[in-house]
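Okay, so here's the structure we're looking at.
The values are calculated or read from the model by the stated rules, or taken from the named source; none is laboratory data. None of the values given here were measured: they were computed from a predicted structure. Counting neighbours? That spans all protein chains shown, and the Cβs are built from the backbone with ideal geometry, glycine included.
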């Protein structure tokens, strides 16, 4: 469904990601694991055509359902973003305007992609929020981002991303700003979504435990290169690369057993 | 802002006004020049010593300083700011008469300024380091460097003398009379504000919510006007308040240049004719308007910024 072919990404003369290859099938969950600065976020930003500043794909190709997205016009991107592809960020609260109510921005977002009147859009938003098991969705709609807890904001972010049932969800450290209990809930909700709607998910994380828990495929990145990639079980049980082995051994053990 | 804070601020204003009144009263008392004598010379009469003495007595200038101040303050509290020496009318009515023209000019030039500054500042930020940005930055540099009286004179020369589009002076407050003074005030201000808008918008464009909005598929136009601009405008409200304050005090140079019947022009007249009560009334007005506008600006954040209102 989404394919990266030898993609090289650079900011100015600075090469951030080199010869990146990835193939995501429909309904598959792929995790990109790596330390800060390894280029993992850059990869999913590129998939959405949202590289910051003067970032650009300088070599290779990105194919969505067999079609290159690199030559997309501005309008074509606008149609894809938030509709066919949606993104969940590390801090969803920061991703919405702090001085506008969540409801207004949710309705605005729905109306950009769907010719719905305000009331219908509002109802749709409330429905999405309740699906994410947010209590009192009307209150959430009537709140500003700073009035909600981290977990609630993250659920709002996921609800928004799910609104148009996108083929591809891009998640950038979706749980790392949350406490452990909330993390587990959010991850479970994302996996439920994946099972129910057969969406592909690309999840960027520095948490190998999380990647192991949810993914079908794991890609380990370091300094802009893919160190190792493959099926989850292959990576976890038979890591070939020293860096992957080190990462695995860094996952805390409990009672002599490793829970990844 | 809570009601309690507002009450506190109002009380502060009263204290500051008291201080200001004392300072202006002492300064005018200490200033050289004799208002009694001036009241004669302004009418082209050279008085005898006894005549001057008589007027001094009448004006209360012979009494000790503190008594003079006490009397004046007491009258002020009753709304009587005394009579203007040079115009022989109550200070309050003289000030009020000039207030409306100044109000009109202030708001007119402020609106003109916003109409010029906002689009230019936005273009400059969005096209950062491209030719529109360089053009706007060049223009703003020019705008803040040119003295406004010089710009006003150029306007007079071109619009009034060469093209005969507008009257040279602005003795009334009609639209045609206000265009040149308003432009003269708005031009350097808009240059300053275009820079502020540019800086604020650039800062907002780097915020995460812009990335979020892009990821949701919002158009750049919608992001810019519905999200970035309202956020960028927030810090500018304070500046706008300061500008409004100085405009409402009357802008002496521009008003004199165009003979515009505003407060600034009046202040200059009052100073040149040693019109103590008028100067004092004028200074109190300036102090009051600055503080009131500041208070309004601070409370307005309650309205514009939910983080302030809800105490985030």
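The table below gives the values:
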quantity: Some residue of segment B:217-224 being within 14 Å of another protein chain (Cβ to nearest Cβ) and in contact with a strand residue (DSSP E or B) (Cβ under 9 Å, 6 or more places away or on another chain); calculated: yes
quantity: Within segment B:205-216, considering residues that are surrounded by fewer than 23 Cβ atoms within 10 Å (Cβ to Cβ) and touching a helix residue (DSSP H, G or I) at 6+ places or on another chain (Cβ under 9 Å), the one farthest from the other protein chains (Cβ to nearest Cβ); calculated: B:205
quantity: Residue, surrounded by the most Cβ atoms within 10 Å (Cβ to Cβ), within segment A:156-182, restricted to residues that are more than 14 Å from chain B (Cβ to nearest Cβ) and assigned to a helix (DSSP H, G or I); calculated: A:182
quantity: Odd one out for residue A:107, checked against (1) part of a helix (DSSP H, G or I); (2) more than 14 Å from chain B (Cβ to nearest Cβ); (3) surrounded by 13 or more Cβ atoms within 10 Å (Cβ to Cβ); calculated: (2)
quantity: The lone exception for residue B:245 - which of (1) buried (at least 17 other Cβ atoms within 10 Å of the Cβ); (2) within 14 Å of chain A (Cβ to nearest Cβ) it fails; calculated: (2)
quantity: Criterion: out of contact with any helix residue (DSSP H, G or I) (no Cβ under 9 Å at 6 or more places or on another chain), closer than 23 Å to residue B:228 by Cβ and either crowded, with 18+ Cβ neighbours inside 10 Å or within 12 Å of chain B (Cβ to nearest Cβ) (or both) - qualifying residue of A:53, A:49; calculated: A:53
quantity: Segment A:128-137, residues that are surrounded by 13 or more Cβ atoms within 10 Å (Cβ to Cβ) and free of Cβ contacts under 8 Å to residues at least 40 places away in the same chain; calculated: A:128, A:129, A:130, A:131, A:134, A:137
quantity: Residue match in segment A:207-217 (condition: at pLDDT 90 or above, surrounded by fewer than 21 Cβ atoms within 10 Å (Cβ to Cβ) and not assigned by TED's automatic domain parsing to the domain that holds residue A:35); calculated: no
quantity: Test set (1) modelled with pLDDT of 90 or more; (2) under 22 Å from residue A:164 (Cα atoms); (3) more than 12 Å from chain B (Cβ to nearest Cβ) - residue A:58 fails condition number; calculated: (2)
quantity: Test result for residue A:98, more than 20 Å from the chain's Cα centre (by Cα) and surrounded by fewer than 22 Cβ atoms within 10 Å (Cβ to Cβ); calculated: yes
quantity: Pair list, Cβ under 8 Å, 6 or more apart: segment B:293-310 residue away from every other protein chain (no Cβ under 13 Å), other residue outside any helix (DSSP H, G or I) and at pLDDT below 90; calculated: B:298/B:1; B:299/B:1
quantity: Close pairs (7 angstrom Cβ cut-off, 6 or more residues apart or separate chains): without any contact (Cβ under 8 Å) to a residue 60 or more places away in the chain in segment A:193-206, assigned to a loop (DSSP other than H, G, I, E, B) anywhere; calculated: A:193/A:199; A:197/A:165
quantity: Residue count for segment B:260-291, restricted to those that are in contact with a helix residue (DSSP H, G or I) (Cβ under 7 Å, 6 or more places away or on another chain), part of a helix (DSSP H, G or I) and in contact (Cβ under 8 Å) with a residue 24 or more places away in the chain; calculated: 20
quantity: Qualifying residue in segment A:27-44 (condition: without any contact (Cβ under 8 Å) to a residue 60 or more places away in the chain, on the phi < 0 side of the Ramachandran plot and over 16 Å from the mean Cα position of the chain (by Cα)); calculated: no
quantity: Where a residue in segment B:113-129 is without any contact (Cβ under 8 Å) to a residue 24 or more places away in the chain and its partner, wherever it lies, is part of a helix (DSSP H, G or I), with Cβ under 6 Å and at least six apart; calculated: B:123/B:132; B:127/B:133
quantity: Check on residue A:78, modelled with pLDDT of 90 or more, surrounded by 14 or more Cβ atoms within 10 Å (Cβ to Cβ) and more than 12 Å from chain B (Cβ to nearest Cβ); calculated: no
quantity: When residues of segment B:41-69 are limited to those that are under 14 Å from residue B:29 (Cα atoms) and surrounded by 13 or more Cβ atoms within 10 Å (Cβ to Cβ), the one nearest to the chain's Cα centre (by Cα); calculated: B:69
quantity: Among (1) in a helix (DSSP H, G or I); (2) in contact with a helix residue (DSSP H, G or I) (Cβ under 7 Å, 6 or more places away or on another chain), the one test that residue A:119 misses; calculated: (2)
quantity: Filter result (under 22 Å from residue B:195 (Cβ atoms), in contact with a helix residue (DSSP H, G or I) (Cβ under 7 Å, 6 or more places away or on another chain) and in a loop (DSSP other than H, G, I, E, B)) within segment B:127-183; calculated: B:127, B:128, B:146
quantity: Selected residue (only one of A:29, A:110, A:96 is in contact with a helix residue (DSSP H, G or I) (Cβ under 6 Å, 6 or more places away or on another chain), farther than 16 Å from residue B:212 by Cβ and modelled with pLDDT of 90 or more); calculated: A:29
quantity: Residue match in segment A:141-148 (condition: assigned to a loop (DSSP other than H, G, I, E, B), assigned by TED's automatic domain parsing to the domain that holds residue A:66 and on the phi < 0 side of the Ramachandran plot); calculated: no
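Residues are listed down the side, and each one gets a yes or a no for (1) within 27 Å of residue A:1 (Cα to Cα); (2) crowded, with 22+ Cβ neighbours inside 10 Å; (3) touching a strand residue (DSSP E or B) at 6+ places or on another chain (Cβ under 6 Å); (4) not assigned by TED's automatic domain parsing to the domain that holds residue A:126:
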site	(1), (2), (3), (4)
A:154	yes, yes, no, no
A:184	no, no, no, yes
A:187	yes, no, no, yes
A:191	yes, no, no, yes
